[in-house]
């Protein structure tokens with residue numbers, strides 16, 4: 001299919017095409033081209049594109065120039081997920097100026113949706129972060145966990161069907177399955193009894209942790225190898241023996257007749273020779289790992305295989321089995337899974353992922369079948385339509401739209417105070433609108449966009465008054481940046497506002513629990529095990545910051561340093577207007593003046609306080625109300641106009657209204673805007689809270 005596609009693109013455009021494959025699959029692709037009569041196909045290992053279709057291994061991509069090609073094909077395209085971030089990034093950047101792209105994979109996202117995002121990004125349909133923002137919900141828990149919005153499920157699959165086709169058999173497109181039914185697949189499980197029982201136990205207990213599983217695998221290695229050798233040596237047929245540990249591989253090669261070991265440490269040339277030679281019987285049997293030979297190879301001549309030890313990767317096992325159990329196989333395929341008694345949890349995990357995979361594939365086919373059959377038009381770049389709206393209250397003005405554009409309608413020197421949490425560059429993506437600052441390709445692109453906002457904020461703020469923004473240092477990742485470290489986002493934001501004319505006024509560090517951060521983010525530097533492995537990669541947790549900038553000039557309306565006492569001096573409601581008015585006590589001022597706020601409750605957000613209905617929109621990273629409350633007490637007067645250019649679900653406005661200030665808020669994302677309007681109306685109806693803001 002991929003060779004035919006490449007041939008047709010070449011005929012249509014007269015441009016050359018690049019077909020990328022795993023190791024040793026390039027030679028196999030040349031054989032397939034000859035088999036199906038497709039001409040002008042050749043292998044290149046030096047970066048030269050001599051014929052219509054150039055076949056190359058992924059390892060050699062850096063030798064090629066994208067300008068030589070008008071089309072590209074990825075064979076075994078799960079490489080976009082399975083390789084490290086640097087290689088995925090290399091491929092995605094390489095294809096930016098290539099018009100025709102085809103991505104082929106047998107295992108699209110077997111147990112999560114994230115690979116669909118990387119495939120869409122490769123094809124130029126939508127970035128992975130845009131996909132997440134459009135169809136998925138991130139509730140601020142673990143940063144790697146996203147869930148498909150219930151109301152967006154059908155739309156999500158319709159979108160996938162606009163640029164992808166999912167097939168399990170011809171009948172998925174309305175054709176007969178005759179001739180395409182694979183022979184039987186028999187999976188035979190062998191469990192080696194455990195010879196050791198942990199101290200204090202009467203019975204063998206399944207290994208739970210990763211370390212326990214590895215220990216169990218090592219203890220049972222001789223028995224598992226012996227059982228596999230017994231199964232193989234009594235036959236006279238080719239076998240593939242899959243293993244997970246180097247020690248397993250060495251022992252199996254020694255004990256199995258006619259076996260040759262294929263390892264990661266061997267040269268590319270030797271591995272290619274052994275992988276391609278196995279098809280012709282040289283070697284007769286191979287021992288290797290799924291990560292080395294589990295992708296792309298056609299070995300229908302073999303119908304016997306064994307797994308002598310499993311990892312938790314369902315995809316690797318799925319792909320490894322399908323080296324033999326694939327179209328062209330004439331015999332029943334038998335797969336022997338040999339594990340120890342203690343490894344039951346690993347096996348259960350694999351079968352659980354198998355069930356998830358089958359469920360996902362069934363969902364994909366179900367949602368896409370009619371669209372595929374109707375041959376829906378090709379994919380287009382998805383982008384949220386720009387709409388505006390406005391909602392007014394007695395003391396608030398909430399607007400839907402681009403904050404940079406909306407700020408242009410605000411008079412000069414009219415805002416008394418601004419407090420907000422800007423998008424953290426591309427750490428979170430809130431929408432797929434090009435106007436969304438969080439929807440940026442690069443860190444520099446974010447600040448190029450943010451500079452426009454800084455200029456407008458400076459213009460509308462009154463002289464001598466303040467602007468506060470909430471931020472943090474940003475962790476870098478190997479996937480996006482090529483290294484693990486920190487980026488000084490806080491400092492870059494300060495410099496952006498200084499460039500617009502603001503004075504760096506003050507800052508406070510907001511303490512965050514590193515244990516909670518570790519549980520949410522699984523950051524390498526915060527893991528306790530990293531201390532034992534290599535503490536040079538360990539680091540402290542990342543706090544929040546509230547940075548305050550000041551516009552030069554004399555303040556025309558000094559802030560009195562007073563606030564409403566919503567509770568009287570004796571702990572009861574105030575009985576008179578005089579009793580209801582007060583200034584900061586020394587204790588409160590010393591706490592607020594501290595450069596580190598240790599007592600901010602991270603869970604005290606508007607989402608939590610507002611008793612959110614089931615269908616209400618949840619913000620990815622809402623600002624804590626106590627931070628807004630303290631800033632409001634310190635730097636505003638009653639009746640002041642408070643501005644938030646990133647209003648989200650209305651947290652800053654909620655606090656401002658309950659403190660008898662006025663509020664002007666802008667929000668680009670419609671669902672957040674609608675939730676903010678509801679929250680602001682609720683704040684006006686509630687009136688002042690019964691407790692001191694602090």
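Readers should treat all values here as calculations from the given coordinates under stated rules, not as data from a laboratory. For clarity, every value in this text was computed on a predicted model and none was experimentally measured. Note that we place each Cβ from the backbone using ideal geometry, even for glycine, and neighbour counts take in every protein chain shown.
Numerical summary
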read-out: Region 238-268 and region 433-459: distance between their alpha carbon centers, rounded to Å; value: 54 Å
read-out: Cβ-based exposure ranking for 163, 635, in which fewest neighbours within 10 Å come first; value: 163, 635
read-out: Whole-angstrom gap from region 1-32 to region 291-344, using each part's C-alpha centre; value: 26 Å
read-out: Average Cα contact separation per residue, region 1-72, under 8 Å, 6 or more apart, as relative contact order %; value: 41 percent
read-out: Relative contact order (percent, whole number), region 433-552, Cα cutoff 8 Å, 6+ residue spacing; value: 33 percent
read-out: Relative exposure of 392, 544, judged by other C-beta atoms within 10 Å (fewest first); value: 392, 544
read-out: Cβ-based exposure ranking for 240, 116, in which fewest neighbours within 10 Å come first; value: 116, 240
read-out: Sorted peptide list for 458-470, 547-559, criterion being average Cβ within 10 angstrom, highest first; value: 458-470, 547-559
read-out: Efficiency of FRET between residue 167 and residue 96 - r from beta-carbon atoms, R0 25 angstrom, step 0.05; value: 0.35
read-out: In range of the label at residue 13: residues from region 34-59 whose backbone nitrogen is under 13 Å from the point 7 Å along Cα→Cβ; value: 53-54
read-out: Two-site FRET efficiency, residue 330 against residue 532, from Cβ-Cβ distance with R₀ of 45 Å, rounded to 0.05; value: 0.30
read-out: Ordering of 496-503, 335-342 by burial proxy (mean other Cβ atoms within 10 Å per residue, highest first); value: 335-342, 496-503
read-out: Residue 177-residue 509 pseudo-label distance in nm [points 7 Å out on the Cα-to-Cβ vector]; value: 6.3 nm
read-out: Part-to-part distance (alpha-carbon centres) for region 506-532 and region 151-165, which is given in Å; value: 37 Å
read-out: Highest to lowest packing among 322-329, 627-634, scored as the average C-beta count within 10 Å; value: 627-634, 322-329
read-out: Surface/4 estimate of mean projected area, convex hull on alpha-carbon atoms of region 2-125, nm²; value: 7.2 nm²
read-out: Region 1-66: C-alpha pair distances exceeding 17 Å, %; value: 34 percent
